[in-house]
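The values are calculated or read from the model by the stated rules, or taken from the named source; none is laboratory data. Not measured: the values here are computed from a predicted model. Every residue, glycine among them, receives a Cβ derived from its backbone with ideal geometry; neighbour counts consider all protein chains shown.
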């Protein structure tokens, strides 16, 4: 099987899941933590080198406070769980804004991985515009060096992006690294994650013809 | 019905279609011309304001000469057909490269539309990196002005992107304008276009929840 080297995870549908369960929207994020660790482990065990999770965006921070507090807390816990597991964790996002949780500042430098573990990236208070705005400070960008000049330079090109929750859009997820990525959508909400979702996505990816525009 | 204001068209599968018909790959592009005009007319009649077609990319120009000649010729003819129809045509791409067809230079300024017609954009010798490289000349970019500083500043945000030929990837199609776009994939190859494809995509789009990250 041709396994994707770098997998992007868009864990959408937490709020819709919570509402379906009769809970308030903010209660959905906590239920996304175990799925995150399961997804990381499944990718690692399948032979993936790097997994990037979409935490929250600068756009998301305009939501009601109970929600922003809930997803911020969930991101801090997710980071701790991934480091505990031994992943080489890098948190990427706009640290200059008050919406960036201070607890995650140490992880804006990639942590050391334990043996047998892989890279994990977590986008926290991330914005596609924030990611691209350093291009304005670059001397000259071209196809071969453009990625070195964006904020997320340490995140590699994505091979496969999996989005839960049925929506077929990128919503600002790493626009440069997503250029050639294959995009797989799962209708189930993220808290209803199961390993078969990853298997389905990988089986589908295995049948895709990778051309990189050639 | 909630009609998308701006529709992106990725007309993929010309070569696979030609091979399935027992023809050489280069023969597929010419068969994509009538579908292009039909798609423009259908979007216009449905109430769309702007349609953007993915012509060819700087990556595509590395293909064998019979193919590059065939898709370049098809783009020139497509531009002429759209202007003949009365669309307000804008051709966007790297005009400084010899791969940009000189016949299209007049359309790098948007043409005047005839009454009842809409905007059409055609990406010719386009590259995502070329599109973003002017950011390096900008003074300061932020979420609100980043689009003004890219090469394709005159192309608005996409609401819906429809790709023919079954592949679920953007392949470098307007990364900034695609940020929030909904992405609909049709398995049929582009030369097998029919109007129902557009109707199916619009019906699906009508059911999507547009959040723009909120």
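Counting only residues that are in a loop (DSSP other than H, G, I, E, B) and either modelled with pLDDT under 85 or touching a helix residue (DSSP H, G or I) at 6+ places or on another chain (Cβ under 8 Å) (or both), how many does segment A:134-158 have? Break it down stepwise before answering.
In the first step, residues of segment A:134-158 are kept if they are in a loop (DSSP other than H, G, I, E, B); the result is A:138-145, A:150-158.
Restricting the remaining residues to those that are either modelled with pLDDT under 85 or touching a helix residue (DSSP H, G or I) at 6+ places or on another chain (Cβ under 8 Å) (or both) gives A:138-145, A:150-153, A:157.
Residues that pass the stated criteria total 13.
Among the residues of segment A:199-214 satisfying the criterion of being out of contact with any strand residue (DSSP E or B) (no Cβ under 9 Å at 6 or more places or on another chain) and not in a helix (DSSP H, G or I), which is modelled with the lowest pLDDT?
Kept after step one, since they are out of contact with any strand residue (DSSP E or B) (no Cβ under 9 Å at 6 or more places or on another chain), are these residues of segment A:199-214: A:199, A:203, A:206-207, A:209, A:211-212, A:214.
With not in a helix (DSSP H, G or I) added as a condition, the list becomes A:207, A:209, A:211-212, A:214.
Values: A:207: 95, A:209: 86, A:211: 75, A:212: 71, A:214: 66.
Checked segment A:199-214; the qualifying residue modelled with the lowest pLDDT is A:214.
Within segment A:130-146, not a single residue is surrounded by 21 or more Cβ atoms within 10 Å (Cβ to Cβ), more than 9 Å from chain B (Cβ to nearest Cβ) and touching a strand residue (DSSP E or B) at 6+ places or on another chain (Cβ under 7 Å).
As a summary of the residue check, residue B:107 satisfies the conditions (1) under 30 Å from residue A:137 (Cα atoms); (2) away from every other protein chain (no Cβ under 14 Å); (3) surrounded by 18 or more Cβ atoms within 10 Å (Cβ to Cβ) except for the one numbered (1).
So, in segment B:150-168, of the ones that are buried (at least 21 other Cβ atoms within 10 Å of the Cβ) and over 20 Å from residue B:200 (Cβ atoms), which residue ends up farthest from the other protein chains (Cβ to nearest Cβ)? Break it down into steps so the answer makes sense when it comes.
First, the residues of segment B:150-168 that are buried (at least 21 other Cβ atoms within 10 Å of the Cβ): B:150, B:152, B:155, B:158-164.
Among the residues that remain, those that are also over 20 Å from residue B:200 (Cβ atoms) are: B:150, B:152, B:155.
Details: B:150: 9, B:152: 13, B:155: 15 Å.
Filtering segment B:150-168 for residues that are buried (at least 21 other Cβ atoms within 10 Å of the Cβ) and over 20 Å from residue B:200 (Cβ atoms), the one farthest from the other protein chains (Cβ to nearest Cβ) comes out as B:155.
Residues that are part of a loop (DSSP other than H, G, I, E, B) and facing chain B (nearest Cβ under 10 Å) were ranked within segment A:178-198; the one that is surrounded by the fewest Cβ atoms within 10 Å (Cβ to Cβ) is A:180. In segment A:84-95, what count of residues is obtained for those that are surrounded by fewer than 21 Cβ atoms within 10 Å (Cβ to Cβ) and over 16 Å from residue A:150 (Cα atoms)? Qualifying residue count for the region: 4.
Scanning segment A:112-128 for residues that are free of Cβ contacts under 8 Å to residues at least 40 places away in the same chain and within 14 Å of chain B (Cβ to nearest Cβ) yields a total of 0. Within segment B:1-20, being touching a helix residue (DSSP H, G or I) at 6+ places or on another chain (Cβ under 8 Å) and surrounded by fewer than 16 Cβ atoms within 10 Å (Cβ to Cβ) holds for B:1, B:2, B:3, B:19.
Selection of segment A:53-66 for residues being surrounded by fewer than 21 Cβ atoms within 10 Å (Cβ to Cβ) and under 19 Å from the mean Cα position of the chain (by Cα) yields A:58, A:59, A:61. When residue B:178 is tested against (1) in contact with a strand residue (DSSP E or B) (Cβ under 8 Å, 6 or more places away or on another chain); (2) more than 19 Å from residue B:8 (Cα to Cα), just one condition goes unmet, and that condition is (2).
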